[in-house]
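To start, the structure itself, in structure tokens.
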Amino acid sequence: MFDGTGSTLVAGPQVVIAGRTIASVHGPAGPVPPGASVINLPGLTLMPGLIDTHLHLCFDATGDPIGHLERADDDTLRQQMAEAARRALRAGVTTVRDLGDRGYLALDLRDRDLAGQDEPLPTIVAAGPPITTPGGHCHFLGGAASGQPGLRAAVREHAERGVDVIKVMASGGNVTPGSLAHVSQFDADALRAIVEEAHHQGLPVTVHAHSARSIADATAAGVDGIEHATFMTADGVDAPEALIRAIAAQRIAVGWTVGLDPGQRGTAPPQIASRMAALMANRRRLHESGATLVAGSDAGVSPSKPHDVLPHAPQDLAAAGLSPAEILRAMTSRAAQACGLGHRKGRIAPGFDADIIAIDGNPLDDLAAIRRLRAVYAGGRAIPLPPGSQPRTEVP
Ligand SMILES: [Zn+2]
């Protein structure tokens, strides 16, 4: 068992689940509570369910996610989003953070799952529509606002709707026609107003930031997370050493965009592809500086990003110099902390949610093992997997 925080595997674990929660964790000969059903998973490795810190359930992972949104009414979209969430769950992703929906639909799914009435969904953490500029990146999701009073009002509206996190488009982005990723959308004062209002409401802020300037401004504004963090300028990238040190010192969660469908490698947008070598060098510098790194797939935005793509992230994290244990922590316990769920997700330990996957192999030796999924439990419920991947179940 990889418990979510360690650097080695625990041999022969016995995990006792009561309802949705892990009651206790023992060695091989631990006590079996009377009447408990026993699931034997010989030869498999247990680990916490994976956590995708950045995806979009409302994007359909085609070449035209915006056109898809224009065509889908809310009821249709909500059903498609539920199916996207289930697809992630069937890949062992037991928690997803939706960093941009339309009409707060991801919150509907989050709350419906809590009621336990439907087919299981992963745990959903949701931002609602991202705050952006009029006509700016992802404006079509409905989160445009401007001026400091307008931005503060937008944050308050999100808080009233019950979001878990405020997502801000601090720079332009790649999926919005006319938007330039290397250009900032909000200055430091605007970001500071958003952060101040959000923190006043008890909410963390994570920013979509490609431009080097937007990353500097977001760091100065005291954000809690930075997504993408590509440090783009008009013709390259620029990541000053002092900024990298500040990101690490402030313990900002850096959400790297990782994981590509293996059949779709090499399809990154040209503005990313041309900067890839410099981008990877900066990832290494961030890691070496001790920055808090987590793995967000941005699933949904393109055909290379289906909603179950996160298990393909490890090779991208390894390329930035993370060890296998660091990679597994980035996808479990550290991701849980970044999502505000560090107290109940991302670890196999007493009191934590019973979100557990069983995989074939030792992921510390072979990271591809996380794609050889044999069982998924979400809140203690077994999730049906395709035939052939079911574990043997024995009742004493
Ligand atoms: Zn995104």
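The table below gives the values:
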| item | result |
| --- | --- |
| Residue match in the range 67-90 (condition: under 22 Å from the mean Cα position of the chain (by Cα), assigned to a loop (DSSP other than H, G, I, E, B) and on the phi < 0 side of the Ramachandran plot) | no |
| For SER389: the one exception among (1) farther than 26 Å from GLY19 by Cα; (2) of a type in the set (Gly, Ala, Ser); (3) at pLDDT below 95 | (1) |
| Filter result (surrounded by fewer than 24 Cβ atoms within 10 Å (Cβ to Cβ) and under 17 Å from the mean Cα position of the chain (by Cα)) within the range 313-328 | GLN315, ASP316, GLU326 |
| Residues satisfying the stated conditions in the range 44-68, i.e. within 14 Å of the ligand (Cβ to nearest atom) and surrounded by fewer than 22 Cβ atoms within 10 Å (Cβ to Cβ) | PRO65, ILE66 |
| Selection status of ALA268, of a type in the set (A, V, I, L, M, F, W, C), modelled with pLDDT under 95 and closer than 19 Å to ASP316 by Cα | yes |
| Condition broken by SER24, with the remaining ones in (1) within 24 Å of LEU89 (Cβ to Cβ); (2) part of a strand (DSSP E or B) satisfied | (1) |
| From GLY222, GLY259, GLY263, GLY236, residue being over 17 Å from LEU286 (Cα atoms), touching a strand residue (DSSP E or B) at 6+ places or on another chain (Cβ under 9 Å) and surrounded by fewer than 17 Cβ atoms within 10 Å (Cβ to Cβ) | GLY222 |
| Residue list for the range 205-231, restricted to those being in contact (Cβ under 8 Å) with a residue 60 or more places away in the chain and touching a helix residue (DSSP H, G or I) at 6+ places or on another chain (Cβ under 7 Å) | GLY225 |
| Residue list for the range 1-21, filter: outside any strand (DSSP E or B) and among the hydrophobic types (A, V, I, L, M, F, W, C) | MET1, PHE2, LEU9, VAL10, ALA11 |
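The values are calculated or read from the model by the stated rules, or taken from the named source; none is laboratory data. None of the values given here were measured: they were computed from a predicted structure. Every residue, glycine as well, gets a Cβ built from its backbone with ideal geometry; the counts of neighbours run over all protein chains shown.
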